[in-house]
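Working notes, structure below.
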Amino acid sequence: MKKINRRDFLKAASAAAAASVVAGCASSGENALVPSRKGQSVIGLVAPKMDVVRVGFIGVGQRGFGHVKRMSHIEGTEIVAICDTHEEVLARSANYLTTERGMPKSALYGNSEYAYRELLNRDDIDIVIISTPWKWHAPMAIDTMNSGKHAFVEVPLALTVDEMWQIVDTAERTQKNCMMMENVNYGRDELMVLNMVRQGVFGELLHGEAAYIHELRWQMKEIEHKTGSWRTHWHTKRDGNLYPTHGLGPVSQYMNINRGDRFDYLTSMSSPALGRAAYAQREFAADHQRNQLNYISGDMNTTLIKTVKGRSIMVQHDTTTPRPYSRHNLIQGTNGVFAGFPNRIALEQGGSKSFHEWDYDMQNWYQKYDHPLWLKMGEEAQRNGGHGGMDFLMFWRMIYCLRNGEPLDQDVYDGAAWSVISPLSAQSVANRSESITVPDFTRGAWKTATPLGIVSV
Ligand SMILES: NC(=O)c1ccc[n+]([C@@H]2O[C@H](COP(=O)([O-])OP(=O)(O)OC[C@H]3O[C@@H](n4cnc5c(N)ncnc54)[C@H](O)[C@@H]3O)[C@@H](O)[C@H]2O)c1
């Protein structure tokens, strides 16, 4: 307790001294600087109930097109306008809605990189779904909120500490939602584990493990359009965890991050970066642009986060090495552990086996602990697809909250805390794994914020 008070005191003192310093600074201490609040906290923000949610889309490439399809199946929504600079994908979404779904024509934008601002100028849109390359997330989210609309942004929320603060400040000033759409939090297993954690099955939580281990070298063959056309370049720009939120989102909700606990500091280490260059050499001609790039992002990055309550979280990132997919999804408590990929449980008390042995049979656990949201919507979610139903469930829940005047399950502070691990990991890697302070985007409100409940609808 003493330690927290001292830190809070130091933080307050440095924040006062530094007035509006934005915490995008180079050294670990400076990350702790908290700019003064320009609006009101948006923890638990409830937007006025919407009868029909009027939606605009920016970016309808690989991911955004899926979102358009999903949204078209959700009751109480209207797809008003769509923007994309790539004519082909813009037409694909427009045609899908009119031809396959028999819906009225949406307004279309996309003749320049800033055409999205024309969409934002409309006064008949309530929320905007942003599924563009990472560098656009922050400017588009900020412009969206400034135009009086709620922003829903793909992962990660933004790229730098400075951008995170700008987004948080804008949300607080405009009192608009800015949710980073972490779909994995709506997976059946993740929801079940959240339910089990809340019911105390694992005891007091101690440690979590999260990851994005997903071999994506093949995306390097996407040159003009699609994910690899822009994502490949991040492997030449940042040596750290490029994509932390899929694994970290669920573990953060298990641990009540920003709602009773928060990330305190991290340390990060990368392996050599060998796989992308080797792949380029093997798969492309010697003079191909993929062979001209300097791939610096370590193939495997491992980051350790310490929370204020003393818990530890390991987060890994590897989209390069040949190995099976994993998000780890591990949560360890005083009574036992759940681990994903493959799902397995070991408990001291209440398990079907000794804790020395893994129980791989999930059926009994699903029967006992499937999350209420999954029980209600899981079948429909699976029918509508998207990563086993999690994408649909997330959309369904977003719209449900907006139509029923309930706070969203993820707020701007969650998106910022989970995403900031990327720039901070790079900072640590660059400085011999130096310990880096994670900014408190809630500005102290994490201490009194209530944990996300078990959602029963
Ligand atoms: N949550 C998930 O499971 C998941 C899965 C895949 C991708 N994503 C995220 O979705 C986002 C998009 O990824 P993607 O795979 O669809 O990439 P993509 O390249 O296929 O799509 C991006 C689209 O944005 C458009 N665009 C670029 N700049 C624009 C601008 N200024 N104005 C309007 N449109 C613009 C492009 O033309 C393209 O159609 C990324 O942030 C990615 O991390 C999330």
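Throughout, read-outs are computed from the coordinates displayed, never taken from laboratory work. Here the structure is a predicted model, which means the values were calculated and not measured. All Cβ positions, even for glycine, are placed from backbone atoms using ideal geometry, and neighbour counts span all protein chains on display.
To check my understanding: the extent here is largest minus smallest coordinate of the Cα atoms along each principal axis. What are those three numbers for segment 357-457, in Å, largest first?
Here the Cα extents, ordered largest to smallest, are 48, 44, 27 Å.
Which number do you get for Rg(Cα) / (2.2 N^0.38 Å) in segment 81-228? Don't jump to the answer; show the numbers that get you there.
Numbers: Rg = 18.7 Å, N = 148, 2.2 N^0.38 = 14.7 Å.
Cα-based Rg divided by the globular estimate yields 1.27.
Classify the chain from the C-alpha gyration tensor, please: rounded if a/c falls under 1.5, else prolate or oblate depending on whether a/b exceeds b/c. Numbers along the way, then the final one.
Values: a/c = 1.19, a/b = 1.14, b/c = 1.04.
Rounded, because the longest to shortest axis ratio a/c is under 1.5.
So for the pair Leu216, Ser456, with labels modelled 7 Å out along Cα→Cβ, what separation do we get in nm?
In this crude spin-label approximation the distance works out to 3.8 nm.
Mind checking segment 70-164 for GluC sites (Glu not before Pro) that DSSP puts in a loop (not H, G, I, E or B) and that have at most 11 other Cβ atoms within 10 Å? Spell out each step's value before the answer.
Working: sites: Glu75, Glu78, Glu87, Glu88, Glu100, Glu113, Glu118, Glu154, Glu163; in loops: Glu75, Glu113, Glu154.
When the GluC sites (Glu not before Pro) of segment 70-164 are filtered for loop state and at most 11 Cβ neighbours within 10 Å, Glu75, Glu113 remain.
For segment 354-457, which GluC sites (Glu not before Pro) are in a loop by DSSP, counting at most 11 other Cβ atoms within 10 Å? Please report the intermediate quantities before stating the final value.
Working: sites: Glu357, Glu379, Glu380, Glu434; in loops: Glu357, Glu434.
Sites meeting the loop and neighbour criteria: Glu357.
Under 29 Å Cα to Cα from Lys368, which lysines show up? Leave out anything in the same chain fewer than 8 places away.
Correct list for Lys368: Lys353, Lys376.
When the helices in the chain are scored as -39500 (n - 2.57) per DSSP H run of 4 or longer and the sum is shared across all residues, what 222 nm value do you end up with, to the nearest 500 deg cm²/dmol?
Values: 16 runs with 158 residues, N = 457.
That comes out to -10000 deg cm²/dmol.
Aspartates and glutamates near Lys38 by alpha-carbon distance under 13 Å, same-chain residues fewer than 8 away left out - which ones?
Asp169, Glu172
Among DSSP beta bridges lying fully in the chain, give the percent that are antiparallel, nearest 5. Present the calculation step by step, with values, prior to reporting the outcome.
Details: 28 of 56 bridges.
Taking every DSSP beta bridge within the chain, about 50 percent pair in antiparallel fashion.
In what order do Tyr212, Tyr366 fall by count of nearby beta-carbon atoms within 10 Å, going from fewest to most? Working shown, then result.
Numbers: Tyr212 25, Tyr366 17.
Ascending Cβ contact count within 10 Å gives the list Tyr366, Tyr212.
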